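Here the structure is laid out as structure tokens; the discussion comes afterwards.
The values are calculated or read from the model by the stated rules, or taken from the named source; none is laboratory data. Everything numeric here is computed off the predicted structure, so don't read it as measured data. Cβ coordinates were reconstructed from backbone atoms using ideal geometry, including for glycine residues, and neighbour counts include every protein chain displayed. Accessible surface is based on the protein model in full, side chains and every heavy atom, while ligands, DNA and RNA are left aside. Shrake-Rupley method; radii C 1.70, N 1.55, O 1.52, S 1.80 Å.
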Amino acid sequence: MKSKNIVFTCVLLLLSSIVASQNCKNTFSGLIEDFHDKSPIVGATVFIKKQNKYTTTNFEGKFSLPNLCSGKIIVEISHIACEPQILELNISNDVYKVIDLEHHEEELNEVNVKGAIGLKTKTAQETLIKTKTLDKFSGASLGDALKNISGVSSINTGNSIVKPVINGLHGSRVLVSFNNVRLQDQEWGIEHAPNVDVNAAKTISVIKGANALQYGGDAIGGVVIINPIKSSIDKDTLYGKSIISQQTNGRLFSVTTNLNKSYKSGWFINGQASYKRAGDFETANYSLTNTGVNSKAFTFSVGKKQFENGFELFYSYLTNETGILRASHFGNIADLVAAIKSPKPLIIDDFSYTINNPKQDVTHHLLKASYYKRFKGFGKLSLQYDFQINNRLEFDRRIGDRKNLQAVDLDLTTHNFKADFNLDSDPNHVYKFGISGLYQNNFPDPVTEVRRLIPDYEKFSFGTYAIANFKFDDVILTAGIRYDLEHIDAKKFYLQSRWNSLNYQDDFNDIVIDPNVSGSQILTNPKFTYHNISTSLGATYNFDSNNLFIVNYGLANRAPNPSELFSDGLHHSAARIELGDLRMQTEVSNRFSASYKYANARLNLTIEGFYNHIKNFIYIEPTGQETTNRGAFPVWSYKQVNAQLLGIDTNIKFQINDNFALTNKSSLLKGKDLSSNRPLIDIPPFKTVTSLIFKKENWRNFYASLESEYNAKQNSYPNNNFEAYLPLSNSFEVVDISTPPSAYHLFNFSTGFDFKMSKTNFNLNFSIDNLLNKNYRNYLNRLRYFADDLGRNFKIQLKINY
């Protein structure tokens, strides 16, 4: 026993001597500071893994951990609202390090509005549509989803071609940005919907007015910013979502799925695909023949995303084949008059998935490469190149050998480069600068054997901007300025008769390069250069925790688009002759807006008002009818006047109790042609939508909603009626294309709940649109002359999150 004690004592002495031989007197110390402005971060935790040693930073951001043994250590640094950071160090003596943490990224993105994280601007009238809301429109279009916002409506060609309208303005005045790429998809056409799949969006921001100069200075109506699904940074994760939808009206089926993989190293890869197919839709009483849709889309992105730098390659593909109501195209003026006077379409066939002529077939490719780099204590540099090809085919009802030949074939190719520098080292004084350059080529393929509606042209543009944000205690101020240069060089044939009727022979004789082209035509080379200045000035003031006030002024200039300058002929899918004017000048918009927001535990209230004075406002309206070898069509001509728009949008949510809530969204808008003292055409009438919502979270997030949608009759409209000669009766008859349809009131119902199978989360939704199957026509549906809008529609949707 005595001998064992001696051995044990010797072992202890030996181990003690080994430990004593290690150097455990090293000190790891340092400073933790903010990446952006180099200010010290107080209270950050410094933790030595596997040694259970930790400390926190003092008021100077400094820390010290003494008595560390030599060798490899793993250190984790963390702080509230910061991205945690892991360091691996080999220490053999004292070590001192300066460590940067990303501290105020959320603060930079936050507008001073309760819960308004993720907004793009700080002092503009902006609304964010979140993922949960967008999922409900999986089987619909971007325009349908945007109508969820008060002040945003749409101008439709049937029910599948939906073009967003913001505060009464659309087309080239509404800029659509998809993953930071401005869509170049021939947006000038009134029946040209944005070529983007709503399922590719994670969130969508809608900014009213020209207050987002970073994206462009010509967005007089507003900016739609589509943010795709992004991968998590510094995290190993794999997730995805699928949505399957079915509806009775049009027997529509749609499916969309996305899968996203990211790695802790920052690498990521994402994919998303959608398919939608519908046949002829129905009103309350009859089928809308040839109104089906066949749509396919997918996006793919890969890259590496870290806090300090990263890059992305992104590709998007979309193809849409959309039928145009068969009863909206005619062979003579008598049929046109009869169709407008008829209470229902002159052609009604049984349901079919087949899409015949007239129709559109549009394909859009978008490729983007981007890179960013952050500089400590300075800011972030972003570089981007993007490339787009938009091919638009429009098929009319032709006969003989040309019956399957497209009547319009336009290829629009766009190259764009831009650089942005965001100086955000001081969160209270943030500055952003940028430049961009664009080259665009439009090629109307003569294979159509039809006179070209839009000519060959090349466009060059250059833009630069500067934006400053200043944050004080309760006030945010924003000021911005932008300059754009745009040059367009076209080659266009004119019929000698059209050239003379427009009185171009005196004003534009110098652009004629061949006066004797066969077919009594002349060849011209119009060239135009525009210099535009846009500015924005805004302020946000927090009265207290419940009250917020925003004011904003925006000056925007928009150069006329190719359609407004050069249109000359039959626009087949619009079923009308369109005439541009080479004399068009730049539009100049002065927009003043003010918003008031109130929020407490039970009530959320937003009131937005605006006044927009537009000098040289360009619009198109009916001016008569013309008979061609294709048939008789109404003539629509572009005009330019001084105009004003003013309106008010409200958004109210009242939480009655824990389970019931009442919401209301209303919009009132007035538009006036100041030059002729008459109303503007295509101004949305008053609309109000009220919903009673029941929610019970502990019933698997069950909800049920009953919605009342009232659309008033538009009583302010211009009289564009014209007389048409009817040869068979040898008489003239007034063609009424001006009188708006009556007011209508719809009820909609929706419900849904969550459930779980194994480890997979499901969400099931059911809804009924136009619950009472009411007949109605919408003033902003271009096909309202010939048919009612959609009847009752049952929809079911299954969402799978994995």
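Listed values, structure above:
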{"read-out": "Residue in region 318-327 that is under 30 Å from Val735 (Cβ atoms) and in a loop (DSSP other than H, G, I, E, B) present", "value": "yes"}
{"read-out": "Single unsatisfied condition, Thr623 versus (1) hydroxyl-bearing (Ser, Thr, Tyr); (2) farther than 30 Å from Arg451 by Cβ; (3) in a strand (DSSP E or B)", "value": "(2)"}
{"read-out": "The listed residue being in contact (Cβ under 8 Å) with a residue 24 or more places away in the chain, buried (at least 16 other Cβ atoms within 10 Å of the Cβ) and closer than 28 Å to Ile481 by Cα, out of Gln388, Gln360", "value": "Gln388"}
{"read-out": "Neighbours by Cβ (under 6 Å, 6+ apart or cross-chain): first from region 722-746, under 23 Å from Arg782 (Cα atoms); second polar (S, T, N, Q) and modelled with pLDDT of 85 or more", "value": "Val734/Asn721; Asp736/Asn721; Ser738/Asn719; Ser738/Asn720; Ser738/Asn721; Pro740/Gln714; Tyr744/Asn711; Leu746/Asn770"}
{"read-out": "Positions within region 256-283 being of a type in the set (Lys, Arg) and at pLDDT 95 or above, in sequence order", "value": "Lys276, Arg277"}
{"read-out": "Scope region 646-689; condition open to solvent by 50 Å² or more (accessible area, probe 1.4 Å) and of a type in the set (A, V, I, L, M); matching residues", "value": "Leu646, Ile648, Ile652, Ile656, Leu662, Leu668, Leu674"}
{"read-out": "When residues of region 469-502 are limited to those that are outside any strand (DSSP E or B) and of a type in the set (D, E, K, R), the one surrounded by the most Cβ atoms within 10 Å (Cβ to Cβ)", "value": "Arg498"}
{"read-out": "Single unsatisfied condition, Val450 versus (1) assigned to a loop (DSSP other than H, G, I, E, B); (2) of a type in the set (A, V, I, L, M); (3) at pLDDT 95 or above", "value": "(3)"}
{"read-out": "Candidate set from region 406-432 (those that are aliphatic (A, V, I, L, M) and in a strand (DSSP E or B)); member that is surrounded by the fewest Cβ atoms within 10 Å (Cβ to Cβ)", "value": "Ala419"}
{"read-out": "Strands (runs of 3 or more DSSP E) lying entirely in region 715-773 (those with 3 or more residues that are within 35 Å of the chain's Cα centre (by Cα) and more than 30 Å from Ile333 (Cα to Cα))", "value": "744-757, 760-769"}
{"read-out": "Residue within region 92-104 that is open to solvent by 60 Å² or more (accessible area, probe 1.4 Å) and modelled with pLDDT under 75 present", "value": "yes"}
{"read-out": "Residue selected from region 266-280 under the condition in contact (Cβ under 8 Å) with a residue 40 or more places away in the chain and either open to solvent by 10 Å² or more (accessible area, probe 1.4 Å) or more than 26 Å from Phe794 (Cβ to Cβ) (or both), by the criterion farthest from the chain's Cα centre (by Cα)", "value": "Gly266"}
{"read-out": "Residue count for region 433-463, restricted to those that are open to solvent by less than 50 Å² (accessible area, probe 1.4 Å) and either over 21 Å from Asn390 (Cα atoms) or among the hydrophobic types (A, V, I, L, M, F, W, C) (or both)", "value": "6"}
{"read-out": "Within region 656-688, tally of residues that are in a strand (DSSP E or B) and in contact (Cβ under 8 Å) with a residue 60 or more places away in the chain", "value": "6"}
{"read-out": "Subset of region 694-753 that is more than 30 Å from Phe794 (Cα to Cα), of a type in the set (Val, Ile, Thr) and in contact with a strand residue (DSSP E or B) (Cβ under 8 Å, 6 or more places away or on another chain) - its residue that is surrounded by the most Cβ atoms within 10 Å (Cβ to Cβ)", "value": "Val735"}
{"read-out": "Test result for Ala334, out of contact with any strand residue (DSSP E or B) (no Cβ under 7 Å at 6 or more places or on another chain), open to solvent by less than 50 Å² (accessible area, probe 1.4 Å) and assigned to a helix (DSSP H, G or I)", "value": "no"}
{"read-out": "Single unsatisfied condition, Asn557 versus (1) of a type in the set (S, T, N, Q); (2) in contact with a Ser or Thr (Cβ under 6 Å, 6 or more places away or on another chain); (3) open to solvent by less than 20 Å² (accessible area, probe 1.4 Å)", "value": "(3)"}
{"read-out": "Count of region 781-802 residues which are modelled with pLDDT of 95 or more and either over 14 Å from Leu288 (Cβ atoms) or basic (Lys, Arg) (or both)", "value": "8"}
{"read-out": "Filter result (assigned to a loop (DSSP other than H, G, I, E, B) and either within 25 Å of the chain's Cα centre (by Cα) or free of Cβ contacts under 8 Å to residues at least 40 places away in the same chain (or both)) within region 777-788", "value": "Arg777, Asn778, Tyr779, Leu780"}
{"read-out": "Residue count for region 356-405, restricted to those that are in a strand (DSSP E or B) and either at positive phi or not charged (D, E, K, R) (or both)", "value": "25"}
{"read-out": "Failed criterion for Trp699 (all others in (1) out of contact with any Pro (no Cβ under 8 Å at 6 or more places or on another chain); (2) among the hydrophobic types (A, V, I, L, M, F, W, C); (3) assigned to a strand (DSSP E or B) hold)", "value": "(3)"}
{"read-out": "Answer residue from region 220-229, given it is closer than 28 Å to Val302 by Cα and more than 10 Å from the chain's Cα centre (by Cα) and is surrounded by the most Cβ atoms within 10 Å (Cβ to Cβ) among those", "value": "Ile229"}
{"read-out": "Wholly enclosed strands (runs of 3 or more DSSP E) of region 22-61 bearing at least 2 residues touching a residue at least 60 places away in the same chain (Cβ under 8 Å), surrounded by fewer than 13 Cβ atoms within 10 Å (Cβ to Cβ) and more than 43 Å from the chain's Cα centre (by Cα)", "value": "none"}
{"read-out": "Residue in region 527-539 that is under 29 Å from Leu410 (Cβ atoms), open to solvent by 20 Å² or more (accessible area, probe 1.4 Å) and among the polar types (S, T, N, Q) present", "value": "yes"}
{"read-out": "Per-region count, region 574-596, residues under 24 Å from the mean Cα position of the chain (by Cα) and either small (Gly, Ala, Ser) or open to solvent by 40 Å² or more (accessible area, probe 1.4 Å) (or both)", "value": "7"}
{"read-out": "Residue check, Ile693 more than 27 Å from Gln714 (Cα to Cα) and within 28 Å of the chain's Cα centre (by Cα)", "value": "yes"}
{"read-out": "Failed condition for Tyr611, given (1) closer than 30 Å to Gln655 by Cα; (2) assigned to a strand (DSSP E or B); (3) of a type outside the set (D, E, K, R)", "value": "(1)"}
{"read-out": "Listing of strands (runs of 3 or more DSSP E) fully contained in region 109-219 that carry 3 or more residues being open to solvent by less than 20 Å² (accessible area, probe 1.4 Å), modelled with pLDDT under 95 and closer than 26 Å to Pro622 by Cα", "value": "152-157, 161-166"}
